[in-house]
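Peer 1: Could you have a look at this structure, given as structure tokens, before my questions?
The values are calculated or read from the model by the stated rules, or taken from the named source; none is laboratory data. Keep in mind that what you see is a predicted model, and the values were worked out from it rather than measured. Cβ placement follows ideal geometry from the backbone for every residue including glycine, while neighbour counts extend to all protein chains displayed.
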Amino acid sequence: MTDPANALPLDEAARIALAAQGLDYAVLDTGGADGTAAGSPEAAAHERWLQAYHRGFHFEALSPEQLAEYRAALAGPRTVGVWDATAAEAEHPIATVASWRSPLSLGETAEGEARALEGWAISLVSVAATHRRRGIANALLEGELRAAQAAGLPMAMLTVSEATIYGRWGFGPAASIADLRIDARGLRFTAPLPSGRVHRVSTPSLRAVAPELARRAAQRRGGDVPQRPLHWDRLLGLSTRTAARANALRAVRYDDERGQTQGFAVYSLAANPRDFADHTLTVEYLCAATDDALVALWHYLLDQDLVATVVAALRPIDEPLPWMLADPRAVHTTGRREHLWLRVLDAPAALTARPYAVSGSALLRVSDPLGFAAGDWMLEVGSDGAATVTAASARAAEHPSPGTPVVALDVAELGSLLLGGTSAETLHAAGRIAERSPGAAAQLDTLLRVPRAPFLSYWF
Ligand SMILES: CC(C)(COP(=O)(O)OP(=O)(O)OC[C@H]1O[C@@H](n2cnc3c(N)ncnc32)[C@H](O)[C@@H]1OP(=O)(O)O)[C@@H](O)C(=O)NCCC(=O)NCCS
């Protein structure tokens, strides 16, 4: 059994669409909190499902040890498969998707209160190469969205292998990331050093504190979906997949002047065989729950003898690091791309939940080909930052009160705007949203602006 919180019923329309192709659509029994018992028929079925998703992503087949670990680690999510009874190995699924309820951080109010919204995290979407491009993913995705909406979840979210896939189901890019390369040789750090202390620690020692620190770090911004335990095991070299790397991983932790741990970094080093003073330090993960922790950890990572280059993937696009250095050009952005995608299912719930820094109003005329979030939504934010969203009457939508900005947009663009990760002006300039009143995009931006760019620090 899946974790009961994730046990949403299968979508009947998707079942019918797949059955029309002679395909079976079912949820697997993954055994609840502890996973399935080794050797049981349920365990064997879960293992075939895990191998199918690995094959779908072109990963190597899982070893028996990895299978045992994954069965336990992936027991909680709702684990859906599609089977083709006419295939040579018919017991192996030809499509997979796993999903679970999860909070999504929405950032903090002006008073520092963290806001979050429960959504439906979707992952491990794969269709076998033998069955692709015949609408199977379409049935699965629509089924996931209908199931989530029927369960009252206002939002679905995912990270994507390709940016061309999910827009068609109303997902919009909502948070981006930057990959950095820093020339560390001769770097001068100008940010004042905090009075706490960086401690060298073993990587396993972080296992107990990392999730809570990450939760605190993440709640300062929108865009975070809490990591599952396997993420931390992998990062810290404690999973079967990463155990071979455990000796290469180094870790530090930052304790503030009161001795409270406020952040940590995990990193590895690679030597240049031709020049021993040309090591590359790779930041595997940097987590800072306070600004001081961020400064202290960056200072430590950049201030290493024999290291000429520091690389860090998956950092926030408004990473403060360049502002800590005498030479901001030492920080090169080697990659920048959308990372978290959101699919709004309930526009009033999503818009009401997020924090606002200023009062104001806007009329959002949202279209949604799948129907979930379509409507004319009047967003009103009071001086206390509290928002109300009501369905505007047809008359009010056509004749809004003077001064109320009106924009028309698709649900995917609503997902892109929700966390403040992109501006309405940008989407307007790209022809992705339409102004129905002069200057509406800029006015909407005033309302939706956030102090820190939304950010998701890993893939799920
Ligand atoms: C991506 C994937 C799940 C699509 O499965 P599928 O069953 O072939 O998709 P469907 O046949 O339902 O296609 C639905 C629509 O998406 C489009 N589409 C599917 N895969 C696409 C891709 N990789 N890029 C762009 N468009 C894609 C189809 O052309 C179709 O468009 P249409 O509705 O305009 O005709 C499958 O190709 C796959 O498993 N890829 C490898 C693993 C992967 O990347 N998974 C996604 C993880 S985020």
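Peer 1: Are there any pairs, at least 6 apart or on different chains, whose C-beta atoms fall under 6 Å, with the first in region 112-124 and touching a residue at least 60 places away in the same chain (Cβ under 8 Å) and within 12 Å of the ligand (Cβ to nearest atom) and the second among the hydroxyl-bearing types (S, T, Y) and not in a strand (DSSP E or B), and if so, which?
Peer 2: L124/Y53
Peer 1: May I ask you to verify whether L104 is at pLDDT 95 or above and within 30 Å of A357 (Cβ to Cβ)? Show your work before the answer.
Peer 2: Details: at pLDDT 95 or above: yes; within 30 Å of A357 (Cβ to Cβ): yes.
Yes: the conditions hold for L104.
Peer 1: On the basis of being buried (at least 19 other Cβ atoms within 10 Å of the Cβ) and of a type in the set (D, E, K, R), does R343 make the cut? First the steps, then the outcome.
Peer 2: Working: buried (at least 19 other Cβ atoms within 10 Å of the Cβ): yes; of a type in the set (D, E, K, R): yes.
Answer is yes for this residue.
Peer 1: Still on this structure, I have one more. List the pairs whose first member sits in region 131-159 and is closer than 12 Å to R15 by Cα and among the acidic types (D, E), whose second member is within 16 Å of the ligand (Cβ to nearest atom) and in a loop (DSSP other than H, G, I, E, B), and whose Cβ atoms are under 9 Å apart, counting only residues at least 6 apart or on separate chains?
Peer 2: E142/D11; E142/L370; E144/D11
Peer 1: For region 138-154: of the residues being part of a loop (DSSP other than H, G, I, E, B) and among the small types (G, A, S), which is surrounded by the fewest Cβ atoms within 10 Å (Cβ to Cβ)?
Peer 2: First, the residues of region 138-154 that are part of a loop (DSSP other than H, G, I, E, B): 151-154.
Now narrow it down to the ones that are among the small types (G, A, S): 151-152.
Working: A151: 16, G152: 10.
For region 138-154, the residue satisfying everything is G152.
Peer 1: Moving on. Does P405 meet the test of being more than 17 Å from R343 (Cα to Cα) and buried (at least 18 other Cβ atoms within 10 Å of the Cβ)? Write out each step before concluding.
Peer 2: Working: more than 17 Å from R343 (Cα to Cα): yes; buried (at least 18 other Cβ atoms within 10 Å of the Cβ): yes.
Here the answer is yes, as P405 does meet what is asked.
Table: residues versus (1) β-branched (V, I, T); (2) surrounded by 20 or more Cβ atoms within 10 Å (Cβ to Cβ); (3) not in a helix (DSSP H, G or I).
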| site | (1), (2), (3) |
| --- | --- |
| P204 | no, no, no |
| E212 | no, no, no |
| R220 | no, no, yes |
| V225 | yes, yes, yes |
| L281 | no, yes, yes |
| L286 | no, yes, yes |
| V295 | yes, yes, no |
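Peer 1: More than 16 Å from the ligand (Cβ to nearest atom), hydrophobic (A, V, I, L, M, F, W, C) and touching a residue at least 24 places away in the same chain (Cβ under 8 Å), is that true of L193? Let's see the steps before the verdict.
Peer 2: Details: more than 16 Å from the ligand (Cβ to nearest atom): yes; hydrophobic (A, V, I, L, M, F, W, C): yes; touching a residue at least 24 places away in the same chain (Cβ under 8 Å): yes.
Here the answer is yes, as L193 does meet what is asked.
Peer 1: Consider region 159-188. How many of its residues are surrounded by 15 or more Cβ atoms within 10 Å (Cβ to Cβ) and either closer than 30 Å to W298 by Cβ or more than 16 Å from the ligand (Cβ to nearest atom) (or both)? Walk me through it before giving the result.
Peer 2: Initial filter on region 159-188 (surrounded by 15 or more Cβ atoms within 10 Å (Cβ to Cβ)): 159-160, 165-167, 169-184, 187.
Imposing the further condition that a residue be either closer than 30 Å to W298 by Cβ or more than 16 Å from the ligand (Cβ to nearest atom) (or both) reduces the set to 159-160, 173-184, 187.
Total meeting the criteria: 15.
Peer 1: Continuing with the same structure: Only residues that are among the polar types (S, T, N, Q) and assigned to a loop (DSSP other than H, G, I, E, B): list them for region 382-408, please.
Peer 2: Passing the criteria: S383, S393, S401, T404.
Peer 1: Quick check on T109: is it more than 15 Å from the ligand (Cβ to nearest atom), touching a residue at least 60 places away in the same chain (Cβ under 8 Å) and of a type in the set (V, I, T)?
Peer 2: On the way: more than 15 Å from the ligand (Cβ to nearest atom): yes; touching a residue at least 60 places away in the same chain (Cβ under 8 Å): yes; of a type in the set (V, I, T): yes.
Yes: the conditions hold for T109.
Peer 1: Oh, and also: Considering region 131-145 alone, what residues qualify as being in contact with a Leu (Cβ under 8 Å, 6 or more places away or on another chain) and more than 8 Å from the ligand (Cβ to nearest atom)?
Peer 2: Once the filter is applied, which keeps residues that are in contact with a Leu (Cβ under 8 Å, 6 or more places away or on another chain) and more than 8 Å from the ligand (Cβ to nearest atom), region 131-145 yields E142, G143, L145.
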